[in-house]
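As structure tokens, the structure follows; a few thoughts come after it.
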């Protein structure tokens, strides 16, 4: 009976060690991903969608140009929501890139 109790304790300890290790690896991977996103945002490769907050590539995004500012979107839905929320007709052009329409 004592053997089974000791075996159960050893198995439980091993489980805790492995689960803690996998948690640390997962947290490290998330930190690395956040760091890569920050580097791309700081480098100008990614911009934040003003409607949903998703990060989109400047090259593969749907965009709306307002005189001197360009707004970039992850999808046509976000673009349409943005246009409905803001005064229609004040935008110079609506551009889209079919390669990254987000749909």
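The values are calculated or read from the model by the stated rules, or taken from the named source; none is laboratory data. If you're wondering where the values come from, they're calculated on a predicted model, not measured in any experiment. Note that we place each Cβ from the backbone using ideal geometry, even for glycine, and neighbour counts take in every protein chain shown.
With respect to (1) over 27 Å from residue 80 (Cα atoms); (2) in the same structural domain as residue 73 (by TED's automatic domain parsing), the lone exception for residue 17 is condition (2).
Residues that are within 15 Å of residue 79 (Cβ to Cβ) and in contact (Cβ under 8 Å) with a residue 12 or more places away in the chain within segment 23-56 comprise 47, 49, 50, 51, 52, 54, 56, listed in sequence order. Number of residues in segment 55-83 that are outside any strand (DSSP E or B) and either farther than 15 Å from residue 45 by Cβ or in the same structural domain as residue 39 (by TED's automatic domain parsing) (or both): the value is 11.
Condition check for residue 21 on (1) in a loop (DSSP other than H, G, I, E, B); (2) loosely packed, with under 11 Cβ neighbours inside 10 Å: one failure, at (1).
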